[in-house]
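A.B. asks: Structure incoming, see below.
The values are calculated or read from the model by the stated rules, or taken from the named source; none is laboratory data. It should be emphasised that the depicted structure is a prediction, and the values quoted were computed from it without experimental measurement. Neighbour counts run over all protein chains shown; Cβ positions are idealised from the backbone, glycine included. Heads up: the accessible areas ignore ligands, DNA and RNA and are worked out on the full protein's heavy atoms, side chains in. Shrake-Rupley method; radii C 1.70, N 1.55, O 1.52, S 1.80 Å.
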Amino acid sequence: QVQLVESGGGLVQPGGSLTLSCAASGIIFRLFNMGWYRQAPGKQRELVARITSGAGTNYLETVKSRFTISRDNAKNTVYLQMNSLTPEDTAVYYCNAELGSLRAWGQGTQVTVSS
C-alpha cells in the first residue's frame with residue numbers, strides 16, 4: 001500500500017522560509033519521479049517542482065529562484081526548501097509519486113504566508 005506523508009507546513013511571515021518533507025512507503029522510492037504540487041483556494045492544482053529518479057529537476061517559473069526540491073533515497077523522502085515566501089505561495093502543498101501510469105498523492109499540508 002502506497003503512502004505519502006507530508007509534513008513541515010505552517011504559518012510563516014512574508015520573506016520567511018519553510019521546508020516541506022514527504023516520507024514515502026510502499027514503493028521502491030528510488031525508481032519514482034517525485035513532485036510537489038500546490039492548490040490555492042479557487043485555483044487549479046499546479047506543479048511546483050519535480051525531481052526525477054535520476055535527480056533531474058524542474059520548477060514552476062515563479063518559484064525557480066526561491067524553492068529547491070531534493071530527495072534522499074536512503075530515507076525514502078523528498079523535500080521542498082522554500083525561501084523568500086510571499087502571500088501568493090499560500091496553498092495546500094501535495095506530494096506526488098509517479099512511475100509510468102502509477103500515481104500516488106499525499107494528503108497535503110497547508111502553507112500560509114501572512115503577516
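A.B. asks: For the stretch 99-113, what are the residues that are part of a strand (DSSP E or B), open to solvent by 40 Å² or more (accessible area, probe 1.4 Å) and in contact with a strand residue (DSSP E or B) (Cβ under 8 Å, 6 or more places away or on another chain)?
C.D. replies: Correct list: Leu99, Arg103, Trp105, Gln110, Thr112.
A.B. asks: Another question, then. Do you know which residues across the stretch 71-83 are open to solvent by 40 Å² or more (accessible area, probe 1.4 Å), touching a residue at least 60 places away in the same chain (Cβ under 8 Å) and assigned to a strand (DSSP E or B)?
C.D. replies: Matches in the stretch 71-83: Tyr79, Gln81.
A.B. asks: Scan the stretch 84-91 and give yes if some residue there is in a loop (DSSP other than H, G, I, E, B), closer than 21 Å to Ser114 by Cα and open to solvent by 60 Å² or more (accessible area, probe 1.4 Å), otherwise no. Working first, answer last.
C.D. replies: Residues of the stretch 84-91 in a loop (DSSP other than H, G, I, E, B): 84-86, 90.
Remaining after also requiring closer than 21 Å to Ser114 by Cα: 84-86, 90.
Narrowing the set further to residues that are open to solvent by 60 Å² or more (accessible area, probe 1.4 Å) leaves 84.
Yes, some residue in the stretch 84-91 is in a loop (DSSP other than H, G, I, E, B), closer than 21 Å to Ser114 by Cα and open to solvent by 60 Å² or more (accessible area, probe 1.4 Å).
A.B. asks: Let me ask something else. Is it the case that Gly42 is part of a loop (DSSP other than H, G, I, E, B), open to solvent by 70 Å² or more (accessible area, probe 1.4 Å) and not aliphatic (A, V, I, L, M)? Outline the logic, then answer.
C.D. replies: On the way: part of a loop (DSSP other than H, G, I, E, B): yes; open to solvent by 70 Å² or more (accessible area, probe 1.4 Å): yes; not aliphatic (A, V, I, L, M): yes.
It is true that Gly42 is part of a loop (DSSP other than H, G, I, E, B), open to solvent by 70 Å² or more (accessible area, probe 1.4 Å) and not aliphatic (A, V, I, L, M).
A.B. asks: Considering only residues of the stretch 1-39 that are among the aromatic types (Phe, Trp, Tyr) and in contact with a strand residue (DSSP E or B) (Cβ under 6 Å, 6 or more places away or on another chain), which is least open to solvent (accessible area, probe 1.4 Å)? First the steps, then the outcome.
C.D. replies: Within the stretch 1-39, the subset among the aromatic types (Phe, Trp, Tyr) is 29, 32, 36-37.
From what is left, the residues that are in contact with a strand residue (DSSP E or B) (Cβ under 6 Å, 6 or more places away or on another chain) are 32, 36-37.
On the way: Phe32: 19, Trp36: 0, Tyr37: 34 Å².
By that ranking, first place goes to Trp36.
A.B. asks: To continue, here is another question. Which condition from (1) of a type in the set (Val, Ile, Thr); (2) over 15 Å from Leu47 (Cα atoms); (3) free of Cβ contacts under 8 Å to residues at least 24 places away in the same chain is the one that Thr68 breaks?
C.D. replies: Going through the list (1) of a type in the set (Val, Ile, Thr); (2) over 15 Å from Leu47 (Cα atoms); (3) free of Cβ contacts under 8 Å to residues at least 24 places away in the same chain, Thr68 breaks only (2).
A.B. asks: Scanning the stretch 45-61 for residues that are assigned to a strand (DSSP E or B) and open to solvent by less than 50 Å² (accessible area, probe 1.4 Å), which turns out farthest from Leu99 (Cα to Cα)?
C.D. replies: Initial filter on the stretch 45-61 (assigned to a strand (DSSP E or B)): 46-51, 57-59.
So of that shortlist, the ones also open to solvent by less than 50 Å² (accessible area, probe 1.4 Å) come out as 48-49, 51.
Numbers: Val48: 18, Ala49: 16, Ile51: 12 Å.
Applying the filter and picking the extreme gives Val48.
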